[in-house]
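Trainee: Below is a structure I'd like to ask you about.
Bear in mind that the values in this text are calculations on the coordinates, not laboratory data. From a predicted model like this one, the values you see are computed outputs, not experimental measurements. Here Cβ is always computed from backbone atoms with ideal geometry, including for glycine, and neighbour counts include all displayed protein chains.
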């Protein structure tokens with residue numbers, strides 16, 4: 001079969017690299033994921049292969065790589081509905097099998113065997129999950145991600161790999177209006193321009209939190225915090241442990257598209273003790289009540305005036321330690337920063353957006369560690 005495709009430099013980088021592992025670090029709209037999928041299709045057509053394509057969740061698989069994969073096949077006229085097993089998320093291409101896997105189910109990762117592995121948005125993957133995938137892959141490993149990860153991220157410290165950086169300028173098929181929007185970042189948001197326009201890592205000198213990465217927990221369980229999301233934002237669940245002046249934070253859930261029954265199912269699978277307090281985003285009282293009626297000790301967080309800065313202040317009274325497996329929380333802690341005003345001065349107001357797991361942690365800390373919370377049940381009386 002002879003197939004003609006129009007692709008980008010990422011395709012050439014994959015052909016020319018002699019390294020088993022390649023990292024493709026791209027700014028927004030660099031076309032890296034699309035070109036990688038084109039490369040995988042060519043490999044599947046040339047030689048019998050078992051190819052695994054990974055993203056963190058099933059919804060993200062469907063929205064991104066599965067859609068792009070089928071679009072490419074349709075574009076070159078070789079897509080067949082009969083070859084696509086939707087329930088198993090596998091596609092037969094010639095003699096090859098391409099399987100689409102979500103990494104948030106650890107058991108699935110342990111049963112995989114691949115000739116080629118592609119992890120899209122690899123920064124969503126924790127190091128243990130990557131290890132499980134790597135030892136079950138006999139050939140090439142392709143990792144793609146945006147340069148928004150912290151300096152402590154396992155992808156940044158990896159050795160024995162080729163790294164390729166691409167930007168929107170490497171995607172010659174990008175519409176003019178999209179190019180204009182990206183280039184406007186140079187004036188509107190220099191940090192975002194460096195990351196998304198130039199594809200470079202940017203140090204965060206406005207970070208709100210200082211924290212340390214740890215391999216284990218040395219503290220007593222305190223509470224859970226949960227921040228609800230749905231289509232645009234993830235639902236995030238964080239466990240908090242305390243040891244004197246140290247706080248240990250562990251990310252347990254970080255996923256979009258969850259309804260109440262999904263959240264309850266996740267809590268059950270995590271085997272959360274039904275007596276343990278779960279402090280919830282108070283914006284949705286019905287959801288809190290539904291979780292409570294399912295047998296969990298869910299409670300609304302009490303938000304007073306300026307509660308965000310108050311909660312940050314409570315957390316900053318402690319030395320914060322984050323488990324290395326808490327990848328999304330690490331990314332948030334690194335990126336969470338104070339707003340810069342129009343004159344270029346850093347304010348004391350936090351910048352919202354990428355703070356879902358942080359909000360979850362903040363809820364639990366506000367309700368358990370504030371002076372008012374720790375004084376609850378204590379009374380002082382004067383006897384004359």
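Trainee: Take the Cβ-Cβ distance between residue 19 and residue 107 as r, set R0 to 41 Å, and report the resulting FRET efficiency rounded to the nearest 0.05. Please list the in-between numbers first.
Mentor: Values: r = 30 Å, r/R0 = 0.73.
E between residue 19 and residue 107, to the nearest 0.05, is 0.85.
Trainee: Give me the one-decimal Kirkwood hydrodynamic radius in Å for the stretch 237-302, with the sum taken over alpha-carbon pairs.
Mentor: By the Kirkwood definition, the hydrodynamic radius is 12.7 Å.
Trainee: Now for a different question. In what sequence, highest mean first, do 298-311, 15-28, 264-277 appear when ranked by Cβ atoms within 10 angstrom?
Mentor: 15-28, 298-311, 264-277
Trainee: In degrees, nearest 10, range 0 to 90: what is the angle between the Cα axis of helix 32-46 and the longest Cα principal axis of the chain?
Mentor: Taking the Cα atoms of the chain, the angle to 32-46 is about 40 degrees.
Trainee: Now, a different point. State the antiparallel share, in %, of DSSP beta bridges confined to the chain, rounding to the nearest 5.
Mentor: On the way: 25 of 64 bridges.
Taking every DSSP beta bridge within the chain, about 40 percent pair in antiparallel fashion.
Trainee: Something else: Picking from 113, 140, 180, which is most flexible by a Gaussian network model of the chain using Cα springs under 10 Å?
Mentor: Highest fluctuation of the listed residues: 180.
Trainee: Could you grab the relative contact order for the stretch 211-368? Cα pairs under 8 Å, six or more apart, rounded to a whole percent. Don't jump to the answer; show the numbers that get you there.
Mentor: On the way: 310 pairs, mean separation 49.2, N = 158.
Worked out over the stretch 211-368, it gives 31 percent.
Trainee: Moving on to the next point. Project the alpha carbons of the stretch 52-148 onto their principal axes and report the range along each, largest first, in whole Å.
Mentor: That works out to 38, 29, 24 Å along the principal axes.
Trainee: Which whole-number percent is the relative contact order of the stretch 9-197 (Cα, under 8 Å, 6+ apart)?
Mentor: Taking the mean separation of contacting Cα pairs over the length of the stretch 9-197, I get 33 percent.
Trainee: Take every DSSP beta bridge with both residues inside the stretch 211-368 and express the antiparallel ones as a percent of the total, to the nearest 5.
Mentor: Numbers: 18 of 33 bridges.
Once the DSSP bridges in the stretch 211-368 are tallied, antiparallel ones form about 55 percent.
Trainee: Between residue 302 and residue 191, what is the label-point separation in nm under the 7 Å Cα-to-beta-carbon projection?
Mentor: 3.3
Trainee: OK, next. What ranking do 101-110, 351-360 get when scored by the average of other Cβ atoms within 10 Å per residue, highest first?
Mentor: Numbers: 101-110: 15.7, 351-360: 20.7.
The packing order, highest mean first, is 351-360, 101-110.
Trainee: If you take the C-alpha gyration tensor of the chain, multiply each eigenvalue by 5 and take the square root, what semi-axes do you get, largest first, in whole Å?
Mentor: Ellipsoid half-lengths, sorted descending, are 41, 25, 18 Å.
Trainee: Please state the Cα pair-distance histogram of the stretch 9-197 with 10 angstrom bins from zero: what percent is in each bin?
Mentor: 9, 36, 37, 16, 3, 0
Trainee: Which values of log₁₀ I(q)/I(0), to two decimal places, follow from the Debye formula for the stretch 211-368 at q = 0.13, 0.17 Å⁻¹ with a uniform point scatterer at every Cα?
Mentor: For the requested q values the scattering log ratios are -0.58, -0.99.
Trainee: So how tilted is helix 356-369 from the main axis of the chain? Cα-based, degrees 0 to 90, rounded to 10.
Mentor: Taking the Cα atoms of the chain, the angle to 356-369 is about 20 degrees.
Trainee: Sort out for me the Cα centre separation of the stretch 1-68 from the stretch 80-134, rounded to whole Å.
Mentor: 13
Trainee: Continuing with this model, one more query. Per the helix-only calculation at 222 nm, which mean residue ellipticity applies to the chain, given -39500 (n - 2.57) for every DSSP H run of n ≥ 4 and division by its residues, nearest 500 deg cm²/dmol?
Mentor: -9000 deg cm²/dmol
Trainee: Now for a different question. What does a probe at residue 294 reach in the stretch 224-238, counting residues whose amide N is under 17 Å from the point 7 Å along Cα→Cβ?
Mentor: What the label zone holds, given the 17 Å backbone N cut-off, is 224-231, 234-238.
Trainee: Arrange the peptides 41-47, 329-335 so that the one whose residues have, on average, the most other Cβ atoms within 10 Å appears first.
Mentor: 329-335, 41-47
Trainee: Express the C-alpha Rg of the stretch 165-236 as a ratio against the empirical globular expectation 2.2 N^0.38 Å, rounded to two decimals.
Mentor: Values: Rg = 18.8 Å, N = 72, 2.2 N^0.38 = 11.2 Å.
Cα-based Rg divided by the globular estimate yields 1.68.
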